[in-house]
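Here's the structure, in structure tokens; my notes come after.
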Amino acid sequence: MSLIQCFRTITRCGIFRQVRVGGVPTLVPIAIAAPPEEMTINPNDQIEKRMVKACDGRKVIGLTYPEGSEPEVEIKFSGAVMELEALMHGKIVAQASGATEVMVFAEFNSADPPGARPSGTIGNSVLAQTEATSKALVTYIDPDTKLAVKVTVKDASDTLVDDECSIGAGMLFTFSPELEAKAVDIQAWVPCSVSNATIVTAEPLGLVSIFAQGVSFDNKARLVSIWSCSRTESAPLADTSERTIKLTILQSPQSASGLGFDIVDTSLLNAC
């Protein structure tokens, strides 16, 4: 049947930053943890219509021609690491050179505060907090008023009363006797310096190249080359694992089709 010769799906994709190393154009890989779920190339042709008069006086289309095009590529992934996420907003990801300050969350009951967090756990590197400098935010909901109550962070040497606490190294919480007796649910955000962090930098991404490989129903290979892309409007970063990358396809002298992208069907068996 002829249907077996039809294209089935894209199975692999590579995305590369275009950089110059020692003045030599070089492609640097962007981390992709999962194969693409879907890849769409939209030519976005702008078609002009030339109207002519029919013999009965009506205006009819005499000719259409492409006035322009704004091709785009959209790639959907089931999951993405940070480097691919940063691509969505045109930034470069790198390992931070020094410590990076973050706010670490803790949640527990004031009657039973946890011990210090063990090594290898987020929050273990929290330093003992002082009242004068601490940025920690500790709160609970008053069971009577239903309003948020702020707990004041005091020095470890202070005598704690009412809505007061101290925070030792490793997020070791100590509460006043009154607050322990209330047995309320505490929520805390505590500043923490982490090392070896991966962060989104302010450095712009620049141009990228995309290569993809797919397969037809008869297991023959199809290849896609998009030689040069730049970012378009940002895609959202949702709290789900799925990520969608959308880029504008640029003109390139390497493109055999003249469209900026090339799709090549082959008679060769697919291999990964």
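The values are calculated or read from the model by the stated rules, or taken from the named source; none is laboratory data. Please read all numbers here as calculations on a predicted model, not as lab measurements. Neighbour counts run over all protein chains shown; Cβ positions are idealised from the backbone, glycine included. Each accessible area value is taken on the protein alone, full model and side chains, heavy atoms only, with ligands, DNA and RNA left out. Shrake-Rupley method; radii C 1.70, N 1.55, O 1.52, S 1.80 Å.
For region 112-171, give me each residue that is open to solvent by 90 Å² or more (accessible area, probe 1.4 Å) and either part of a strand (DSSP E or B) or over 23 Å from Ala99 (Cβ atoms) (or both).
Across region 112-171, the qualifying residues are Asp112, Ile141, Asp144, Lys146, Leu147, Lys150, Ser157, Thr159, Asp162.
Of the residues that sit in region 73-96 and are among the aliphatic types (A, V, I, L, M) and under 11 Å from Lys246 (Cβ atoms), which one is modelled with the lowest pLDDT? Full working, then the answer.
Here is the first cut: in region 73-96, the residues among the aliphatic types (A, V, I, L, M) are 73, 75, 80-82, 84, 86-88, 92-94, 96.
If we keep only those that are under 11 Å from Lys246 (Cβ atoms) too, we end up with 73, 75, 87-88.
Values: Val73: 96, Ile75: 95, Leu87: 91, Met88: 88.
Within region 73-96, the match that is modelled with the lowest pLDDT is Met88.
Hey, can you tell me all the residues within region 55-89 that are in a strand (DSSP E or B), hydrophobic (A, V, I, L, M, F, W, C) and open to solvent by 70 Å² or more (accessible area, probe 1.4 Å)?
First, pick out the residues of region 55-89 that are in a strand (DSSP E or B): 59-69, 72-77.
Within this subset, residues satisfying the condition of being hydrophobic (A, V, I, L, M, F, W, C) are 60-61, 63, 73, 75, 77.
Once the filter is applied, which keeps residues that are in a strand (DSSP E or B), hydrophobic (A, V, I, L, M, F, W, C) and open to solvent by 70 Å² or more (accessible area, probe 1.4 Å), region 55-89 yields Ile61, Leu63.
Can you tell me which residue is surrounded by the fewest Cβ atoms within 10 Å (Cβ to Cβ) among those in region 194-215 that are at pLDDT below 95 and polar (S, T, N, Q)?
Asn196
For region 95-111: of the residues being open to solvent by 40 Å² or more (accessible area, probe 1.4 Å) and part of a strand (DSSP E or B), which is farthest from Leu205 (Cα to Cα)?
Initially, region 95-111 is screened for residues open to solvent by 40 Å² or more (accessible area, probe 1.4 Å), giving 95, 97, 99, 101-103, 105, 107, 109, 111.
Now narrow it down to the ones that are part of a strand (DSSP E or B): 95, 101-103, 105, 107, 109.
On the way: Gln95: 15, Glu101: 24, Val102: 24, Met103: 27, Phe105: 31, Glu107: 38, Asn109: 45 Å.
Looking at residues that are open to solvent by 40 Å² or more (accessible area, probe 1.4 Å) and part of a strand (DSSP E or B), I get Asn109.
Answer yes if at least one residue in region 229-239 is touching a strand residue (DSSP E or B) at 6+ places or on another chain (Cβ under 6 Å), surrounded by 14 or more Cβ atoms within 10 Å (Cβ to Cβ) and aliphatic (A, V, I, L, M), and no otherwise.
Checked region 229-239: at least one residue is touching a strand residue (DSSP E or B) at 6+ places or on another chain (Cβ under 6 Å), surrounded by 14 or more Cβ atoms within 10 Å (Cβ to Cβ) and aliphatic (A, V, I, L, M).
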